[in-house]
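Let me begin by presenting the structure, written as structure tokens, before commenting on it.
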Amino acid sequence: MRGVRTSAILAAAIGLVVLQGAKAEDRGAEVFDGLCNRCHGPQGQGMRGLEAPLIAGMPAWYVEGQLHKFREGIRGTHPKDMPGMRMRPMANTLKESDVPAVAAHVAGMAVQEAMPTLEGADPEKGKAGFAVCAACHGVDAKGNQQMGAPLLAGQDDWYLLTQLKNFKAGIRGADPRHAQGPLMRPMVGNLDDAAMKDIAAYLRSLSRK
């Protein structure tokens, strides 16, 4: 009798965990559909006209981390970062429990293809230029969670170029609470616009899968 009772308790506990997981997944989709897709698109494909990047398939740890950066003012406060300033109030509308839920939803979305937009960029030169970046982002540009280095492969080239310029100019990464800022800013400091454009074009050409 005791064994039957224990089995029933375990079954109920497992059912509760599954139900909670399902509810979190549903909530992530609800938040995305009600808020995020306005700028990032229904498939997370991004909208260049709104300066909103492709986010489908980005790792949950990174999406969650960036949402917290926006919520805490580590990102989205510089007056020259208009997309960031638009993003910050969006992030602040989320409940704390919504952050991991929507991050998990984004991570589970089908990978979208980023189309080339940078004229005159040379991906082969960009491949050589990326060599120094691989120490943190990985040789396949798939990122490194332990170093806080995000997935870059298959990302919008225009967005990557903008962020490289932002790091160089101190528009992004200058806040002392930004752990990766002191690592990124010196790495891009010696890159000119042409080199950054080439690197962005190379990264876009890589497979995210």
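The values are calculated or read from the model by the stated rules, or taken from the named source; none is laboratory data. From a predicted model like this one, the values you see are computed outputs, not experimental measurements. For neighbour counting, all protein chains shown are included, and Cβ atoms are generated from backbone atoms with ideal geometry for every residue, glycine included.
For the range 21-63, residues that are of a type in the set (Val, Ile, Thr) and either more than 18 Å from residue 160 (Cα to Cα) or in a helix (DSSP H, G or I) (or both) total 2. When the range 193-209 is limited to residues that are under 23 Å from residue 146 (Cβ atoms) and in contact (Cβ under 8 Å) with a residue 60 or more places away in the chain, the one that is surrounded by the fewest Cβ atoms within 10 Å (Cβ to Cβ) turns out to be 209. Taken together, 3, 15, 21, 34 contain a single residue that is surrounded by fewer than 16 Cβ atoms within 10 Å (Cβ to Cβ), at pLDDT below 95 and under 23 Å from the mean Cα position of the chain (by Cα), which is 21.
Of the residues examined, residue 209 is one that is outside any helix (DSSP H, G or I) and at pLDDT below 95. The test for being over 16 Å from residue 118 (Cβ atoms), out of contact with any His (no Cβ under 7 Å at 6 or more places or on another chain) and either free of Cβ contacts under 8 Å to residues at least 24 places away in the same chain or not aromatic (Phe, Trp, Tyr) (or both) holds for residue 190.
Looking across the range 73-89, the residues that are out of contact with any Gly (no Cβ under 9 Å at 6 or more places or on another chain) and either modelled with pLDDT under 95 or surrounded by fewer than 16 Cβ atoms within 10 Å (Cβ to Cβ) (or both) come down to 73, 79, 80, 82.
With the condition kept exactly as written, say whether any residue in the range 83-106 is acidic (Asp, Glu), out of contact with any strand residue (DSSP E or B) (no Cβ under 6 Å at 6 or more places or on another chain) and closer than 27 Å to residue 141 by Cβ. No.
Which one of 164, 152, 191 is assigned to a helix (DSSP H, G or I), among the hydrophobic types (A, V, I, L, M, F, W, C) and more than 21 Å from residue 91 (Cβ to Cβ)? Sole residue among the options that is assigned to a helix (DSSP H, G or I), among the hydrophobic types (A, V, I, L, M, F, W, C) and more than 21 Å from residue 91 (Cβ to Cβ): 164. The residues on offer are 89, 83, 100, 53, and the sole one that is touching a residue at least 12 places away in the same chain (Cβ under 8 Å) and farther than 18 Å from residue 155 by Cβ is 100. Within the range 136-161, residues that are without any contact (Cβ under 8 Å) to a residue 12 or more places away in the chain and polar (S, T, N, Q) reach partners that are surrounded by fewer than 21 Cβ atoms within 10 Å (Cβ to Cβ) and assigned to a loop (DSSP other than H, G, I, E, B) with beta carbons closer than 9 Å, at six or more positions or on different chains, in the pairs 144/138.
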